Amino acid sequence: MTSMQRQALEYLAQHRVLSLATVGPEGVWAAAVFYVSDDFTLYFLSAPTSRHARNLEATGRVAATVQEDYADWREIRGIQLEGDAVRIGGAEEAAAVLRYGQKFPVVAHLAFAPREIARAFERIRWYRIRPTRLYFIDNSQGLGHRDEVPLSRILHEGRVNNPGLPGQ
């Protein structure tokens, strides 16, 4: 694993929200979603009736960013990616739920969650994003500095340890 891959994986593990951009019959759309990462594969949940979920069903193509809200442009760091997204089920969904519960404990303990959260989980579906291109942004190295993170080895040769998650 390269240092750039490690840096990008650590960044993904340390953050929780991605801005998801989709396109479909109603046009372009963006939505913020909570996510969990397994290497560079990202999982999120959403209502299948949401506009972004309908767009995913129509095209399967996405773009996304993960970043903080910075006041100084020199501090900007983050992830930009494009990729393919699909609804998942079965064993992959079960694994995503477990991983999500590690990052978001309310998911691991839905029986004790506020009622509105437990009800919302009855209506959601799980989705996977597999990036086809991913960039790590780091303006501390210069305005607009970004490096493309090589993905093919990571995504096609199997798992690597994902920093920051228990049991890895």
Which residue is surrounded by the most Cβ atoms within 10 Å (Cβ to Cβ), if the candidates are limited to the range 107-136 and must be under 24 Å from residue 10 (Cβ atoms) and of a type in the set (A, V, I, L, M)? 129
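For the range 82-93, enumerate the residues that are surrounded by fewer than 16 Cβ atoms within 10 Å (Cβ to Cβ) and farther than 18 Å from residue 48 by Cβ.
Taking the range 82-93 first, the residues surrounded by fewer than 16 Cβ atoms within 10 Å (Cβ to Cβ) are 82, 84, 86-87, 89-92.
82, 91 - these are the residues of the range 82-93 that are surrounded by fewer than 16 Cβ atoms within 10 Å (Cβ to Cβ) and farther than 18 Å from residue 48 by Cβ.
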Selection within the range 95-128 - out of contact with any helix residue (DSSP H, G or I) (no Cβ under 9 Å at 6 or more places or on another chain), in contact (Cβ under 8 Å) with a residue 24 or more places away in the chain and not small (Gly, Ala, Ser): 99, 104, 123, 124
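Listed here are the residues, each with its yes/no results for (1) touching a Leu at 6+ places or on another chain (Cβ under 6 Å); (2) within 24 Å of residue 105 (Cβ to Cβ).
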residue	(1), (2)
17	no, yes
30	no, no
38	no, yes
41	no, yes
44	no, yes
63	no, no
66	yes, yes
76	no, no
84	no, no
Candidate set: the range 62-73, residues that are surrounded by 11 or more Cβ atoms within 10 Å (Cβ to Cβ) and not hydrophobic (A, V, I, L, M, F, W, C); chosen: the one farthest from residue 8 (Cα to Cα): 70
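Just need a number here: residues in the range 32-52 that are closer than 18 Å to residue 82 by Cβ and surrounded by 17 or more Cβ atoms within 10 Å (Cβ to Cβ). Walk me through it before giving the result.
Step one: filter the range 32-52 for residues closer than 18 Å to residue 82 by Cβ, giving 32-33, 35, 37, 39-44, 52.
Adding the requirement that they be surrounded by 17 or more Cβ atoms within 10 Å (Cβ to Cβ) leaves 33, 35, 37, 39-44, 52.
Qualifying residue count, the range 32-52: 10.
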So residue 141 passes all but one of these: (1) in contact with a strand residue (DSSP E or B) (Cβ under 7 Å, 6 or more places away or on another chain); (2) closer than 22 Å to residue 14 by Cβ. Which condition number does it fail? (1)
Would you point out which residue out of 37, 46 is under 28 Å from residue 141 (Cβ atoms) and of a type in the set (Gly, Ala, Ser)? 37
Given the conditions (1) of a type in the set (Ser, Thr, Tyr); (2) out of contact with any helix residue (DSSP H, G or I) (no Cβ under 6 Å at 6 or more places or on another chain); (3) touching a residue at least 24 places away in the same chain (Cβ under 8 Å); (4) closer than 20 Å to residue 125 by Cα, which single one is not true for residue 50? (3)
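Every number here is computed from the coordinates shown, using simple stated rules; none is lab data. A quick note: this is a predicted structure, and the numbers were derived from the prediction, not measured. Every residue, glycine as well, gets a Cβ built from its backbone with ideal geometry; the counts of neighbours run over all protein chains shown.
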